[in-house]
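Written out below as structure tokens is the structure these notes cover.
The values are calculated or read from the model by the stated rules, or taken from the named source; none is laboratory data. Note that the coordinates shown come from a computational prediction; the quantities given were computed from them, not determined experimentally. As a convention, Cβ positions derive from the backbone with ideal geometry for all residues, glycine included, and neighbour counts pool all protein chains shown. With ligands, DNA and RNA removed, areas are computed over all heavy atoms of the protein, side chains included. Shrake-Rupley method; radii C 1.70, N 1.55, O 1.52, S 1.80 Å.
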Amino acid sequence: MIHESQDDESGATDPVDLDIVDAIQLHPRAPWSVIAERVGVSEATVSRRWHRLRTSGLAWSGVALHPAVSMGAFLEIRCWSDDHATLIGALVEHPDVITIGLTTGDFNIFVIILGIDLPAVLRRVYQNLPELDLADRVRVSLFHRISGGVSWRQGLLKVPTAEAPVAGTPPGDREPRKVAVPTVDLRPLFLELAGDARVPVRELARRLDTTPGIVSRQLAGLTEHDSVIFRCDVARPDFDYQVGILVLLQVPVLQSAAVAEVVGGWIETRFCTATTSAANIIVVAGLRDLPDSDRFLNKLARVDAAARVVDARIVTGNTKVYGWHLDGLGRAARCTPVDPWAMA
């Protein structure tokens, strides 16, 4: 049954907005007719509300490398001097610096870098970040896949299990699918979709100076080979994720990949990876409030009997999330398209 509701022009979100975003998070390129049917409102309402959410910076969509082929580096940075703002201002402009977070603790900034291959990652980290000279200390952890959080959902709408997006290697009894690294000829299409996953095929063809047929075949190739996933994100404080938490976890080495997959599948996880370090799992999660950190840490402790929290910091905000620059309210201000080929 279709029901209508009045749009809120104040910039706040209501339950209909939350459901629309949740439906788009499930299938970011789905036609408005599909989104409308799932939410129970008209196509016009869905389209109008999404336009308001997007133009006000409350929600946005884009494309991401499939987590299974996401090679990168996680940087922990200590910078408490007056150079703090200058350092972050330089970091946010790099197209392969996808996410920057601010935290409590000794290391008060974290940075996630992606590259199409390991040499590209290393060139960025060790040769092309001169602003790191402003930092007091930098700690680098390398990873070859992301175990979860790239295509997170609020999980408000009930959907068949078969429709759930794949965040990494399919868990449990499902066979892992072969995932291909996207080829460089698809870079222009990837960059166009980075700022808006919902750009129509004809508009993509116009921007790329090609035909809709070629764009359709390229899109099919990207999705059929699981080279990319489409994602939808939100201004997290407006969607009741007031803060976050960064946890460095130590588990037995042979269990790190399996534990990362479990934690990566949690609804609150925004980033999770296994890495080669004393703390061999890095996880960033969204929290409803500060006391929610105790619940999350207890949940982590139950994942593996040998798990040990090496460090935990509260994420007080993000200045960039998967290419989107955020303002002081956590809302999207502008996009630097994520470019894993930047240092290739």
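Any idea how many residues of the range 295-338 are touching a residue at least 40 places away in the same chain (Cβ under 8 Å) and among the charged types (D, E, K, R)?
7
Working only within the range 101-119, note down all residues that are surrounded by fewer than 22 Cβ atoms within 10 Å (Cβ to Cβ) and closer than 21 Å to His144 by Cβ.
Asp117, Leu118, Pro119
Answer with yes or no whether Val259 is touching a residue at least 12 places away in the same chain (Cβ under 8 Å) and either within 18 Å of the chain's Cα centre (by Cα) or open to solvent by 30 Å² or more (accessible area, probe 1.4 Å) (or both).
no
Only one of (1) closer than 24 Å to Gly115 by Cβ; (2) open to solvent by less than 10 Å² (accessible area, probe 1.4 Å); (3) out of contact with any Pro (no Cβ under 9 Å at 6 or more places or on another chain); (4) in a helix (DSSP H, G or I) is not met by Leu219, so which one is it?
All conditions pass for Leu219, except number (2).
Taking Ala68 as meeting all but one of (1) farther than 19 Å from Arg270 by Cβ; (2) in contact (Cβ under 8 Å) with a residue 40 or more places away in the chain; (3) part of a helix (DSSP H, G or I), write down the number of the exception.
So Ala68 meets the others, but not (1).
In the range 157-211, which residues are at pLDDT below 65 and surrounded by 12 or more Cβ atoms within 10 Å (Cβ to Cβ)?
Within the range 157-211, Val159, Ala164, Pro165, Val166, Ala167, Gly168, Thr169, Pro170, Pro171, Arg177 qualify.
Could you check how many residues of the range 33-46 are within 23 Å of the chain's Cα centre (by Cα) and surrounded by fewer than 20 Cβ atoms within 10 Å (Cβ to Cβ)?
Adding up the residues that qualify gives 0.
Looking at (1) at pLDDT 95 or above; (2) crowded, with 19+ Cβ neighbours inside 10 Å; (3) not β-branched (Val, Ile, Thr), find the lone condition where Leu122 falls short.
With (1) at pLDDT 95 or above; (2) crowded, with 19+ Cβ neighbours inside 10 Å; (3) not β-branched (Val, Ile, Thr) applied to Leu122, the lone miss is (2).
If we scan the range 308-319, do we find a residue that is open to solvent by less than 30 Å² (accessible area, probe 1.4 Å), more than 29 Å from Glu93 (Cα to Cα), touching a Leu at 6+ places or on another chain (Cβ under 8 Å) and among the β-branched types (Val, Ile, Thr)?
So far as the range 308-319 goes, no, none of its residues is open to solvent by less than 30 Å² (accessible area, probe 1.4 Å), more than 29 Å from Glu93 (Cα to Cα), touching a Leu at 6+ places or on another chain (Cβ under 8 Å) and among the β-branched types (Val, Ile, Thr).
The rows are residues; the columns are (1) at pLDDT 95 or above; (2) open to solvent by 10 Å² or more (accessible area, probe 1.4 Å); (3) in contact with a Gly (Cβ under 7 Å, 6 or more places away or on another chain).
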residue: Gln25; (1), (2), (3): no, no, no
residue: Arg48; (1), (2), (3): yes, yes, no
residue: Leu53; (1), (2), (3): yes, no, no
residue: Gly57; (1), (2), (3): yes, no, no
residue: Trp60; (1), (2), (3): yes, no, no
residue: Val69; (1), (2), (3): no, yes, no
residue: Ile77; (1), (2), (3): yes, no, no
residue: Gly89; (1), (2), (3): yes, yes, no
residue: Asp96; (1), (2), (3): yes, no, yes
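Report yes if Leu87 is more than 28 Å from Thr13 (Cα to Cα), assigned to a helix (DSSP H, G or I), touching a Leu at 6+ places or on another chain (Cβ under 6 Å) and of a type in the set (A, V, I, L, M), otherwise no.
When the stated conditions are applied, Leu87 passes them.
With the requirement that a residue be over 24 Å from Pro291 (Cα atoms) and either assigned to a helix (DSSP H, G or I) or open to solvent by 60 Å² or more (accessible area, probe 1.4 Å) (or both), what does the range 262-276 give you?
Correct list: Thr276 only.
Could you check how many residues of the range 323-335 are modelled with pLDDT of 95 or more, assigned to a loop (DSSP other than H, G, I, E, B) and open to solvent by 20 Å² or more (accessible area, probe 1.4 Å)?
Here the count works out to 2.
Being open to solvent by 50 Å² or more (accessible area, probe 1.4 Å) and in contact (Cβ under 8 Å) with a residue 40 or more places away in the chain is the filter here, so list the residues in the range 242-256 that pass it.
Gln242, Gln250, Pro252, Gln255 - these are the residues of the range 242-256 that are open to solvent by 50 Å² or more (accessible area, probe 1.4 Å) and in contact (Cβ under 8 Å) with a residue 40 or more places away in the chain.
Can you name every residue in the range 192-206 that is under 22 Å from Trp341 (Cα atoms) and in a helix (DSSP H, G or I)?
Answer for the range 192-206, where residues must be under 22 Å from Trp341 (Cα atoms) and in a helix (DSSP H, G or I): Glu192, Leu193, Ala194, Leu204, Ala205.
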